[in-house]
Amino acid sequence: MRYFLVSLCFLLVFQAAAKDIVRPQRTLFFSESDWQGVKQRVKGNSELVQFLNQYIFDQADQLLTEKPTERIILGRRMLHSSRKAERRIIFLAYAYRLSGKDQYLSRAIEEMEQVIAFESWNPSHFLDVAEMVTGLSVGMAWLEKDLPADVSNRVKKAIVEKGLRASFEGDPKDRHWVKAHNNWNQVCHGSLYLGAQVCKSDYPTISEKVIKRAEEYIQLPMSTYLPNGNYAEGPNYWNFGTIYNVLFLNAFEHINGQPYHCEGRKAFKKTGEFYLNAFSNSGMAFNYSDNPLNRTLAPSQFYLAKMTNQPSLLYGEMEWFDRHKQAKGLELVQENDDRFWPFILFWMEQSKVLTVPSQRMYHGKGKTPIVVYRSSWEEKNSVWLGIKAGSPKVSHAHMDAGSFIFEKDGIRWAHDLGRQQYHSLEKHGLKIWGKKQDSDRWKVFRLNNFAHNTLTIDGKLHKADGRADFSKVKENRKGLEASLDLSGFFVDQQVKVTRSFIVEDGQKALQVIDDFRGNDQAHQIEWAMVTDAEISFNGAEVILSKAGKSVRLTNNQQLFYRVSDLSKEGLAPYDEPNVGFKKITLTYALKEGEMLQLINSIQ
């Protein structure tokens, strides 16, 4: 009996004490102490923190006098409107939380009221829904305690009806993203996860259904980062897909008090190395596939640098900032590409000393293998080379296997034309997302092999189901050697092709070595390189000149090069002109059974 009384007393004392324990608050993103940390940070002397905070407030001030976002459908997309509203809500919510000024809260409410009144968020193109849900979810998470109850209820109802429930309704083809292995999965599941967490207390059944589905399927695109963090769709789509994946991970950890675990997590932690290396010393992107040249600050990179304790991952971000800190407003970025910048102020660690990356060579493996090499991180006149392998079948890929981009002395001499805006093609009736050999996608000049720094045989397209992998990647004291087998793209011609690259640091030179083994037929070989440099000739030698610097292009067969103006030649009505760009080509008639080594040198 005495033991029972003692035990009972202990239990009562423990329960009473437990009531006084301050438990960590589970929030969607950031706790009150995180917000206080940002308030203290902006009082410090970090140039980047001061710049970002002032930039966000300047933009929020401009929004005070602008009309709310309109529902505009362009082709099959409402994406511009969704991103516009998303950015506005996030910026205004940040400005209110840091300043406490009601003008920002009122304008955020006006924006939220406007978009929840839209008839729909265009679920047939579900990215539009997803980005709208993200904006509203962040707004709810950051503002809810100060929102009028009726506004909060209406926003939650809209998220549920036009977002969560819409993700289970309509044409099954519009829900292709649910089990996809690309950025669509990350954006849609990441967004809906945020919306479900915001609405869970009021709409538990549908919210739990969405949460469970997101936690089950977002691991599919995370598996594509295997084995070493390389992102199959390239740097621009890394920025898009990865930020929503990061928002999911950040929210999951805050809510559950532990990290999200899946097969791809280890590789995901390495993906900052991919993004770091995907930009040259000139600041331009390795813009293979549907990727543009430009870049902006990547909030995900700050999250990954903090997650992995690797300050060197921010080397490129700080270089970008040094180049652009004098710019004002939207001179910095393409419209809405800055919409997640407020998150940087939570994820950056000022106490860490920025270090120069130690590795000069990056070999990204997986679905779209790439090799990137630079002779130095700090010397602006260094050599930089990006080599693309993989397959046209991969999401957003072009027929660009074997292509390369080359820089020397801070000048990009060998270019990739990059993507063409999707609507500019779709309005002509082209179905640009097919990947079969006869798909419309391969009719577009910028997307096929005729526009890339690769090889063409007999004037034919590459095989759409072909694939190239690197057979050799070796860095040494002198530079780089890399090789890949391109034969899979020339199955119909039955020509064996190996392409190799040698970079010599001392001479700042590149050799592109192509080995051909013919069959019982003759074939026409075309070698190509796209450039925006001025071109002159010295016999069989081509001299490329730009910004007071020059390089020479020669070949071991003493073949004469031909130059064509890509702004004028061979364009279909739907092709955008490539103003300022030229294509340098040389051709070789490969005889029956001939073995040929063709070496083109840039130095």
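The values are calculated or read from the model by the stated rules, or taken from the named source; none is laboratory data. Predicted model, so just to flag it, every value in this text is computed and none were measured. So basically every Cβ, Gly included, is an ideal-geometry build from the backbone, and we count neighbours across all protein chains shown. The protein model used for the area step is the full one, side chains on, heavy atoms only, and it has no ligands, DNA or RNA in it. Shrake-Rupley method; radii C 1.70, N 1.55, O 1.52, S 1.80 Å.
State whether the residues of region 158-176 include one that is crowded, with 20+ Cβ neighbours inside 10 Å and aromatic (Phe, Trp, Tyr).
no
Within region 177-213, count every residue that is within 22 Å of Thr224 (Cα to Cα), in a helix (DSSP H, G or I), touching a residue at least 24 places away in the same chain (Cβ under 8 Å) and open to solvent by 10 Å² or more (accessible area, probe 1.4 Å).
Result for region 177-213: 4.
Being farther than 25 Å from Leu247 by Cα, part of a helix (DSSP H, G or I) and of a type in the set (D, E, K, R), is that true of even one residue in region 78-99?
No, because not a single residue in region 78-99 is farther than 25 Å from Leu247 by Cα, part of a helix (DSSP H, G or I) and of a type in the set (D, E, K, R).
Conditions: (1) surrounded by fewer than 21 Cβ atoms within 10 Å (Cβ to Cβ); (2) under 25 Å from Trp413 (Cα atoms). Gly488 meets all but one. Number of the miss?
Only one criterion is unmet by Gly488, namely (2).
Of all residues in region 245-258, which are open to solvent by less than 40 Å² (accessible area, probe 1.4 Å) and more than 14 Å from Phe340 (Cα to Cα)?
Result: Leu249, Ala251, Phe252, Ile255.
Any idea which residue in region 109-124 is farthest from Ile89 (Cα to Cα), counting only those that are acidic (Asp, Glu) and open to solvent by 30 Å² or more (accessible area, probe 1.4 Å)?
Out of the qualifying residues, it is Glu119.
For (1) over 29 Å from Ala130 (Cβ atoms); (2) polar (S, T, N, Q); (3) surrounded by 13 or more Cβ atoms within 10 Å (Cβ to Cβ); (4) within 27 Å of the chain's Cα centre (by Cα), each residue gets a yes or a no:
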residue	(1), (2), (3), (4)
Asn45	yes, yes, no, no
Val49	yes, no, yes, yes
Leu52	no, no, yes, yes
Ile56	no, no, yes, yes
Gln59	no, yes, yes, yes
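Looking only at region 224-245, count how many residues are farther than 24 Å from Gln197 by Cα and either assigned to a helix (DSSP H, G or I) or among the charged types (D, E, K, R) (or both).
Selection size over region 224-245: 5.
Could you say which residue among Pro292, Pro259 is part of a loop (DSSP other than H, G, I, E, B) and within 20 Å of Ala401 (Cα to Cα)?
Pro292
Any idea which of Asn294, Asn309 is over 14 Å from Leu52 (Cα atoms), surrounded by fewer than 23 Cβ atoms within 10 Å (Cβ to Cβ) and out of contact with any helix residue (DSSP H, G or I) (no Cβ under 9 Å at 6 or more places or on another chain)?
Criteria check complete, one pass: Asn309.
Residues in region 558-601 that are open to solvent by 70 Å² or more (accessible area, probe 1.4 Å) and assigned to a loop (DSSP other than H, G, I, E, B): how many?
Qualifying residue count, region 558-601: 10.
Could you tell me whether region 259-269 includes any residue that is open to solvent by 50 Å² or more (accessible area, probe 1.4 Å), over 28 Å from Thr368 (Cα atoms), modelled with pLDDT of 95 or more and among the charged types (D, E, K, R)?
There is no residue in region 259-269 that is open to solvent by 50 Å² or more (accessible area, probe 1.4 Å), over 28 Å from Thr368 (Cα atoms), modelled with pLDDT of 95 or more and among the charged types (D, E, K, R).
Just checking, how many residues over region 112-128 are free of Cβ contacts under 8 Å to residues at least 60 places away in the same chain and either of a type in the set (A, V, I, L, M, F, W, C) or farther than 18 Å from Asn153 by Cα (or both)?
11
Can you tell me which residues in region 212-228 are closer than 15 Å to Tyr244 by Cβ and either among the hydroxyl-bearing types (Ser, Thr, Tyr) or in contact with a Cys (Cβ under 7 Å, 6 or more places away or on another chain) (or both)?
Result: Tyr217, Gln219, Met222, Thr224, Tyr225.
Report, by residue number, each residue of region 514-530 that is outside any strand (DSSP E or B) and of a type in the set (D, E, K, R).
Hit for region 514-530 is Asp520, nothing else.
How about region 480-508: which of its residues are part of a strand (DSSP E or B), at pLDDT 95 or above and not basic (Lys, Arg)?
Within region 480-508, Leu480, Glu481, Ala482, Ser483, Leu484, Asp485, Val497, Thr498, Ser500, Phe501, Ile502, Val503 qualify.
When the residues of region 214-237 are filtered to those that are surrounded by 24 or more Cβ atoms within 10 Å (Cβ to Cβ) and among the aromatic types (Phe, Trp, Tyr), which remaining residue is farthest from the chain's Cα centre (by Cα)?
The selected residue is Tyr225.
Do we have Ser312 as hydroxyl-bearing (Ser, Thr, Tyr), in a helix (DSSP H, G or I) and closer than 19 Å to Glu378 by Cα here?
Yes, satisfied.
When you look at Arg552, is it out of contact with any Lys or Arg (no Cβ under 6 Å at 6 or more places or on another chain) and crowded, with 18+ Cβ neighbours inside 10 Å, yes or no?
No.
Which ones in region 506-540 are open to solvent by 30 Å² or more (accessible area, probe 1.4 Å), within 19 Å of Lys408 (Cα to Cα) and touching a Leu at 6+ places or on another chain (Cβ under 9 Å)?
Once the filter is applied, which keeps residues that are open to solvent by 30 Å² or more (accessible area, probe 1.4 Å), within 19 Å of Lys408 (Cα to Cα) and touching a Leu at 6+ places or on another chain (Cβ under 9 Å), region 506-540 yields Glu534, Ile535, Ser536.
Restricting attention to region 313-360, and to residues there that are farther than 22 Å from Tyr237 by Cα and either touching a strand residue (DSSP E or B) at 6+ places or on another chain (Cβ under 9 Å) or of a type in the set (Asp, Glu) (or both), which single residue is modelled with the lowest pLDDT?
Out of the qualifying residues, it is Glu349.
From Leu461, Leu417, Leu430, grab the single residue that is in contact with a strand residue (DSSP E or B) (Cβ under 8 Å, 6 or more places away or on another chain), among the hydrophobic types (A, V, I, L, M, F, W, C), open to solvent by 10 Å² or more (accessible area, probe 1.4 Å) and not in a strand (DSSP E or B).
From the options Leu461, Leu417, Leu430, the qualifying one is Leu417.
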